[in-house]
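Peer 1: The structure's right below; bear with me while I get my questions together.
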Amino acid sequence: SGASAGSAKVYLAGVETPYDKSLATATGTSYTWNIAKDTAVMIESSTVFTTAGTVLLDGVEASVNATTHRASFTMGKSMNVELGAAVADVMYTVTFTGDVTLDAFETVGGDEVEATKVEGNTYYLKASDNVWVIKVNLGSSGAAVATSSNTFTSAYYTGVATTEFWTPGKEETITLTSAISGNVYVHPAVVVDFDTSANGVMFLGNQVNQTNWETFVVAPNSTYAIGSDADDLAGLIVADRDASAPETSAAAIGGTLTVGTDNIKLYGAYKLHLHDVASVKTANSNVVRDGEYVVKGTTIDADADGVNVICVNDGSYLKNATPTDIVVNSGNKDQIARAAKMTMTDGSGVKLSILDQKNNIWDEITTEAGAEVVVYVAIGTHLMVEDADSTVVITATDGTSSVPVLDVANNGKRVTFTVTAVDLTLNDA
């Protein structure tokens, strides 16, 4: 019935079928078809069915094809279909997958919306419901993502997402940028974030650059390829996304990333190699052992607990009045050795050289000088102390330890020895 009923066409099982003229009305605006149950029905009207989607015709769900202007459904009951103006209030479905379930639908103003129809984990909403917010119960997953696809593997976001949306963790709310205007699937997901220390790492075909906001959302319990960056990272430390940023870890990943159900954050890291020292400490007193990892940019305390250490990637000594903390900011800062303090006293005039074992030559560290000079030297290094006109005097700073002298020459004016964990004072007689 209705103003557009006279021009409508009805197809039964694909065949255009006229109405039952024996049941015609005097006004000519109501028409009747006798249709067997479970028959496939199409109603065609160019003025009514102009918007694609799902509509309700007398409570029966019908799928509208906006190109052919046909609404299709299966006959299941006696129906009174009113064909008047164009049907614009189409319905969309929101389907929940995995163990993600619905808590509530809301408008942009926060008003709760009841679904027109529910079938298991699928909810039917009208366009006029103006749903902007989907509140969910996450179940076992760390997040949920809303997409237009019935499957989900991964997604990458930078700036403002406009086509797919996710819960930013345990807030359990998906806020859209517009009202629902198509069928939606809500999938369990895991949020993968990256710290700036991991800039340059390749993931999901994108090179991480946290100078600009970006994040990744992936399917839980899955494995993904992940590549190293150009800054020779030794690996990536995986941490809980909502936990405090780590400094150290006994393990790191590389090549592949396996995610479970918890949201995570990845930190670029270097593997420390320690020499003659069992462990070192960060500036925040976290202990790092040989072979363990530290986040890029972590500072190693150069004299924690009274034990001096130096970076030996580019040499085995440090000429400085006090130990210098080591910032592990590239792969050439990953070799750390225990060092002893060599003090050349004020006015001693001694000269200190170090043995270049590769070329078997002595390289001068300090020339004769009047002021006090301090050098930190890695254990096991061979040193030579010379004085132009006086006997060299080497004493242990603690006053008791012995000095492992290798050779004494030139009437005691030149002494070679091996550095041990004992701090020494270098003087002349």
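Peer 1: Within segment 388-422, which residues are closer than 19 Å to Ala371 by Cα and open to solvent by less than 50 Å² (accessible area, probe 1.4 Å)?
Peer 2: Listed by number, the residues that qualify are Ser390, Val392, Ile394.
Peer 1: Looking at (1) touching a Ser or Thr at 6+ places or on another chain (Cβ under 6 Å); (2) surrounded by fewer than 17 Cβ atoms within 10 Å (Cβ to Cβ); (3) not hydrophobic (A, V, I, L, M, F, W, C), which is the one condition that is false for Glu119?
Peer 2: (1)
Peer 1: Strands (runs of 3 or more DSSP E) wholly in segment 93-203 with at least 3 residues that are closer than 29 Å to Asp240 by Cβ and touching a residue at least 60 places away in the same chain (Cβ under 8 Å) - which ones?
Peer 2: Values: elements: 101-107, 117-119, 122-126, 131-137, 143-147, 154-158, 173-175, 184-194.
By residue number, 154-158, 184-194.
Peer 1: If I go through segment 242-282 residue by residue, how many of them are open to solvent by 60 Å² or more (accessible area, probe 1.4 Å), of a type outside the set (Asp, Glu), under 18 Å from Val217 (Cα atoms) and modelled with pLDDT under 95?
Peer 2: 1
Peer 1: Which residue pairs have Cβ atoms under 6 Å apart, sit 6 or more places apart or on different chains, and have a first residue in segment 226-241 that is open to solvent by 60 Å² or more (accessible area, probe 1.4 Å) and a second that is modelled with pLDDT under 85?
Peer 2: Listed pairs, sorted by first residue: Asp232/Gly331.
Peer 1: Suppose the filter is outside any strand (DSSP E or B) and within 22 Å of the chain's Cα centre (by Cα); does Asp262 pass it? Working first, answer last.
Peer 2: Numbers: outside any strand (DSSP E or B): yes; within 22 Å of the chain's Cα centre (by Cα): yes.
Answer is yes for this residue.
Peer 1: Let me ask something additional. Looking only at residues in segment 85-103 that are open to solvent by 20 Å² or more (accessible area, probe 1.4 Å) and in contact with a helix residue (DSSP H, G or I) (Cβ under 9 Å, 6 or more places away or on another chain), which one is modelled with the highest pLDDT?
Peer 2: The extreme case among them is Tyr92.
The values are calculated or read from the model by the stated rules, or taken from the named source; none is laboratory data. Values in this document were obtained by computation on a predicted structure and should not be read as measured data. All Cβ positions, glycine included, derive from the backbone under ideal geometry; neighbour counts span all protein chains shown. When the accessible area is computed, the model is the full protein with side chains, heavy atoms only, and any ligands, DNA or RNA have been set aside. Shrake-Rupley method; radii C 1.70, N 1.55, O 1.52, S 1.80 Å.
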